[in-house]
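Colleague: Before I ask anything, let me first share the structure, which is written out below as C-alpha cells.
Read-outs: derived from the displayed coordinates by stated rules, not from any lab. Just so you know, these numbers come straight off a predicted model, no measurement behind them. In this analysis, Cβ positions are derived from the backbone assuming ideal geometry, glycine residues included, and neighbour counts consider all displayed protein chains.
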Amino acid sequence: MNKGHTQLKFIKFHNPEELHQDTLTSISHLLFKRDELDFLNELIKEYTIDLISEKTFEESKAIATALVELQKELKVLLFKVEEHKNNLQTLLDNVIVPNELEIIRMDIIKLCSKL
C-alpha cells in the first residue's frame, strides 16, 4: 500500500474549543478506522483456507501484512491524538502552563505531518 506524505503549507489554528471538537472528531474517525481494520482481520481469519490456496496466497499474505502495519500505525496515532486531546483539555480548563499555546501548535504540526 502506498502512503503519500503531503507537505504542510497552511494550518488554520482555531480557538481551544474548536480545536477540542476537531480532536474529538479525529478520535472518532480513528476509532472507526480501527474497527474497520479489526473487521478485515476477522474476515481474513474466517476465510484463511480460501486465502492460502496457491492462486491467492502471495496477494493474501501481502494484504494481511499491510493490515497489521496499518493497525500498528493507527494505535500510535490514536495514542498521540488522545494525548493531544488531554493537552487541549488543560487549555480549556484555564490551567496556566508556560508556553502552552506554542506546545499545542507544535503538537498539531506533528500530528498533521503524520496524516
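Colleague: What aspartates and glutamates does Lys80 reach when the alpha-carbon gap must be under 13 Å and sequence neighbours fewer than 8 apart in one chain are set aside?
Modeller: Asp107
Colleague: Rounded to the nearest 0.05, what FRET efficiency is calculated for Thr90 and Ile27 with R0 set to 22 Å and r the Cβ-Cβ distance?
Modeller: Values: r = 17 Å, r/R0 = 0.76.
Between Thr90 and Ile27 the formula returns 0.85.
Colleague: If each of Lys80 and Glu18 carries a label point 7 Å out from its Cα toward its Cβ, how far apart are those two points in nm?
Modeller: 2.3 nm
Colleague: Cβ neighbours within 10 Å, averaged per peptide: list 80-88, 66-74, 40-48 in order, most packed at the top. Could the numbers behind the result be given before it?
Modeller: On the way: 80-88: 16.3, 66-74: 13.8, 40-48: 12.1.
Top of the packing list down: 80-88, 66-74, 40-48.
Colleague: Find the Cα radius of gyration of segment 20-98, compare it with 2.2 N^0.38 Å by division, and give the number to two decimals.
Modeller: Normalised Rg, Cα atoms only: 1.59.
Colleague: How many nm separate the modelled label positions at Phe39 and Ala66, each set 7 Å beyond the Cα in the direction of the Cβ?
Modeller: 1.8 nm
Colleague: So which of Lys72/Lys110; Lys45/Lys110; Lys45/Lys75 end up more than 29 Å apart, counting from Cα to Cα?
Modeller: Numbers: Lys72/Lys110 18 Å; Lys45/Lys110 35 Å; Lys45/Lys75 21 Å.
Long pairs (Cα-Cα over 29 Å): Lys45/Lys110.
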